[in-house]
Structure formats: structure tokens, C-alpha cells
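Working notes, structure below.
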């Protein structure tokens, strides 16, 4: 935790809140918005904030460690793939990861989307061909890695022939993969993001993550992934 308030620069007194980075902000300062990535409150006139999507902003801390260019993304992608492979998740066919503008992933206004897997299915084929993974430009390196891990999960399920899955199960499996990647980072920020995903009240992503994780605790990861790929259900 930082020892001074992000707004007034003084040690926090009485009530304060922490961002996912552990930065403290006195609640006495009225907030006009929050960082889309770490939930830090923004206050009128505070410098260093930048637009993320048409309706959201990024704080100075998230902006300072953002993956903004394709060259920067290429520096992170091999390690994410290696760590996913260490977890037993290897893609049979390499899939290109491309940065796109956050607004391009958030056209429907149904919550913040950070990544998307693009696939196509040929008539008569049991396997969906994954043609690309799109990741929002401007994520922190930790958000970037966990989002790539999540989308690799979608690509892996598609390449395994796991089609027409219940959305809660599919997103739950992919959140499990992202959580496993975050756990391997061994940083406070990664741990906070992982816990936030586990606590997420969303009925698909959060509930799916908890449901799949409970199945893994009961049956083991191999049994869970085998059941999902063969039968499309959890054991």
C-alpha cells in the first residue's frame, strides 16, 4: 500500500480505499470516475488520466505499465504461451495475437471486454478453426497476460472440438486458465486481480469461474477438461 493519498499527498486519515495496485485514496475526496483496470477513483483536476474506451478511463499507474504497441505485445506473448504450456495448455496450431482499439471490443455496451477469440467453422467439420485473438490496446502487462491466457483457453477448447458449450462452463474454464496464469506471476497485483475474478458477481464469468474451480477441487483438472471436451459438461 502507498503511504500517501493519491489526491492530497498526505497519509490517509480515517476512511480510505485501495486500488488494485494498493494505492490509497481518502474517501473524503469526491470521485468523478474510476480506472477501468484497477478501480482507483479519479478526482476533478487530477492529472495523468487517459481515455481507455469511449466511456472509461485509465489511471496514471495503469497507463505507465500499459502494453500499447504490437512490438510491446510480442515481448510478452512468448512467456504467456510458455507458461500456459507448462500448465498443459498447448495450441495445436499457433494463433496470432493482435492488439486492437478497446472501443472495437466494446461496441455493445454490455460490460468491459478486454479480449476476443475469432474463429470460423467449416460445414461438416467438428473443429472450429481459430483465426486470431484480439486483445485491447493499453492494458497493463498483467491484465494483458491474463487476458491472453483466457483467450488461449477459448482457442484451445475450439481446437479440441469442444463446441456449443454452455457459456458459463466455457467462460469458467477460460477464467480458470487466466487465474492459473496469474497465480504463477507471484505479485501482489496479480493476486489481487485473481481474487477479483473469483469474487466477480457476474453470473457468467464470476459464477462460471467458481463453478469450474469447485469441480477441479473435487475431481482434478484432467477429469474436468476431459469431461468438458468430450461431453460438454462438468463432471
Based on what the data block shows, is residue 132 assigned by TED's automatic domain parsing to the domain that holds residue 220 and either within 26 Å of residue 226 (Cβ to Cβ) or within 16 Å of the chain's Cα centre (by Cα) (or both)?
no
Close pairs from the range 77-100: first assigned by TED's automatic domain parsing to the domain that holds residue 224, partner surrounded by 15 or more Cβ atoms within 10 Å (Cβ to Cβ) and part of a loop (DSSP other than H, G, I, E, B), Cβ under 6 Å, at least 6 apart:
99/137
Kindly establish whether residue 217 is out of contact with any helix residue (DSSP H, G or I) (no Cβ under 9 Å at 6 or more places or on another chain) and at pLDDT below 95.
no
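The values are calculated or read from the model by the stated rules, or taken from the named source; none is laboratory data. Quantities reported herein were computed from a predicted structural model and do not represent experimental measurements. Heads up, the Cβs are rebuilt from the backbone with ideal geometry, glycines too, and the neighbour counts pull from every protein chain shown.
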